[in-house]
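Single-structure report; data block below.
The values are calculated or read from the model by the stated rules, or taken from the named source; none is laboratory data. All of these numbers come straight from a predicted model, not from anything done at the bench. Don't worry about glycine lacking a Cβ; one is built from the backbone with ideal geometry, like all the others, and counts go over all protein chains shown.
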Amino acid sequence: MKRSKNRKMVILAMGLVLFSSCAVFKGGQNETAEIKTNAECGMCKDKIEGELNYVKGIRFAELDVDSKVLTVKFNTNKIDSATIKKKISEIGYSADEVPADPTAQQKLPDCCQPGGMSK
């Protein structure tokens, strides 16, 4: 009886290992993109990070305000860099070659407008 119980435990453990390794492979590739923005201040940082960190497929988004570079880690099976740039544009900021959506940009506070911190 004890041998049968041990065999069942070994089979169960092997099944769990197999299942979890399949889940890892199915999860997709993680990629990191660095995207140049026109962000101006801490409010820009909060807005961009706050919205992107809740987009499906984005694992992490962090803006360095001084360099205006946004670092985004994402799952390539769920989202691509072009879609991320489009989302940044829809928030009101430029993203590399993608210009900011003019309507969204106008809704940003004065300090977040292009050149807003130097006015």
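Observations
- Residue within segment 59-68 that is assigned to a helix (DSSP H, G or I) and within 16 Å of the chain's Cα centre (by Cα) present: no
- Test: K86 is among the basic types (K, R), modelled with pLDDT of 95 or more and within 17 Å of K47 (Cβ to Cβ): yes
- Residue within segment 65-73 that is in contact with a helix residue (DSSP H, G or I) (Cβ under 7 Å, 6 or more places away or on another chain), under 20 Å from P114 (Cβ atoms), touching a residue at least 24 places away in the same chain (Cβ under 8 Å) and of a type outside the set (S, T, Y) present: yes
- Against the numbered list (1) assigned to a helix (DSSP H, G or I); (2) over 14 Å from A39 (Cα atoms), N77 comes up short only at (1).
- Of all residues in segment 89-119 being in a loop (DSSP other than H, G, I, E, B) and farther than 15 Å from K68 by Cβ, the one that is modelled with the highest pLDDT: D101
- Subset tally (residues that are over 11 Å from K87 (Cβ atoms) and either in contact (Cβ under 8 Å) with a residue 12 or more places away in the chain or in a strand (DSSP E or B) (or both)) for segment 29-55: 18
- Every residue from segment 74-119 that is of a type in the set (A, V, I, L, M, F, W, C), in contact (Cβ under 8 Å) with a residue 40 or more places away in the chain and surrounded by fewer than 17 Cβ atoms within 10 Å (Cβ to Cβ): C111, M117
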